[in-house]
1. Assign unit charges at the C-beta atoms only (+1 for Lys and Arg, -1 for Asp and Glu), then state the dipole size of segment 22-109 relative to its Cα centre in Debye, rounded to the nearest 20.
2. Given a cut-off of 29 Å, name the pairs among LYS89/LYS156; LYS42/LYS152; LYS42/LYS156 whose C-alpha atoms lie farther apart than that in the structure shown.
3. Rounded if a/c is under 1.5, else prolate if a/b beats b/c, else oblate: with a ≥ b ≥ c from the C-alpha gyration tensor eigenvalues square-rooted, which is segment 49-157?
4. Accessible area per residue for the chain in Å², computed with a 1.4 Å probe and the full protein assembly in place, what is it?
5. For a quick protection proxy, order the peptides 17-28, 33-44 by their average other-Cβ count within 10 Å, most packed first.
6. Sequence gap at least 6, Cα distance under 8 Å: using those rules, report the relative contact order of the chain to the nearest whole percent.
7. Under a 1.4 angstrom probe, counting protein chains only, how are ARG81, ARG76 ranked by accessible area, largest first?
8. Among the aspartates and glutamates, select those whose C-alpha is under 13 Å from the C-alpha of LYS84, and discard any that sit fewer than 8 residues away in the same chain.
Amino acid sequence: MSQAFTPQEGSCSCYSNTYTINHAPIGRFICHCTICQEYTGKAYNDVTVLFKSDLSELDINKTRFRRWKLPPNINRGLCKRCHKPSVEKAMGGALMLVPTDNYPNVDALLDPTMHLFYDSRVEDIEDDLPKYTGFAQSQTMIVKALAQGVFKRVTKR
């Protein structure tokens with residue numbers, strides 16, 4: 001990823017649900033949990049994490065949010081028109097998760113830092129990223145990574 005982040009217009013696959021991503025994500029990871037598999041229709045969800053304030057021009061009314069599991073750690077949003085992933089809300093909406101498929105320029109993003117819920121993977125992934133299994137280990141590592149991303153963002157200001 002380059003030093004300066006150029007804003008990008010993110011969207012679902014039909015482009016009816018668009019938004020502007022104004023800042024570099026604070027994290028990126030690959031989640032293999034069965035919920036992400038169902039949500040994306042793919043073997044995993046390659047997703048970025050941003051502050052809600054990093055997104056603008058997001059029309060929440062074009063997104064249908066669903067809770068796959070209680071408690072709702074993440075509310076996953078599907079476009080009401082094409083029914084494909086749009087955005088996800090975490091921590092009461094303070095954090096937004098954007099699937100990397102929704103970026104026009106994925107090459108401008110930071111690289112993924114880890115695999116989560118790797119024990120639920122559909123297929124093995126050959127890369128050098130750490131692979132975490134199970135709920136406790138996966139949740140611990142994502143919280144740690146997001147805390148580090150928030151710290152980096154705050155100390156840059």
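The values are calculated or read from the model by the stated rules, or taken from the named source; none is laboratory data. On a predicted model such as this, the values are computed, not experimentally measured, just so you know. Positions of Cβ are generated from backbone atoms using ideal geometry, with glycine treated the same way; all protein chains shown enter the neighbour counts. Just the protein is used for accessible areas: all its heavy atoms, side chains included, with ligands, DNA and RNA removed. Shrake-Rupley method; radii C 1.70, N 1.55, O 1.52, S 1.80 Å.
1. 480 debye
2. Going by Cα-Cα distance, LYS42/LYS152; LYS42/LYS156 fall outside the 29 Å limit.
3. In terms of gyration-tensor shape, rounded.
4. Details: 8800 Å² over 157 residues.
So the chain comes to 56 Å² accessible per residue, rounded to a whole number.
5. Working: 17-28: 20.5, 33-44: 17.2.
Ranking the peptides 17-28, 33-44 by packing returns 17-28, 33-44.
6. 26 percent
7. On the way: ARG81 165, ARG76 20 Å².
The most accessible residue leads, giving ARG81, ARG76.
8. In chain and number order, the partners are GLU38, ASP101.
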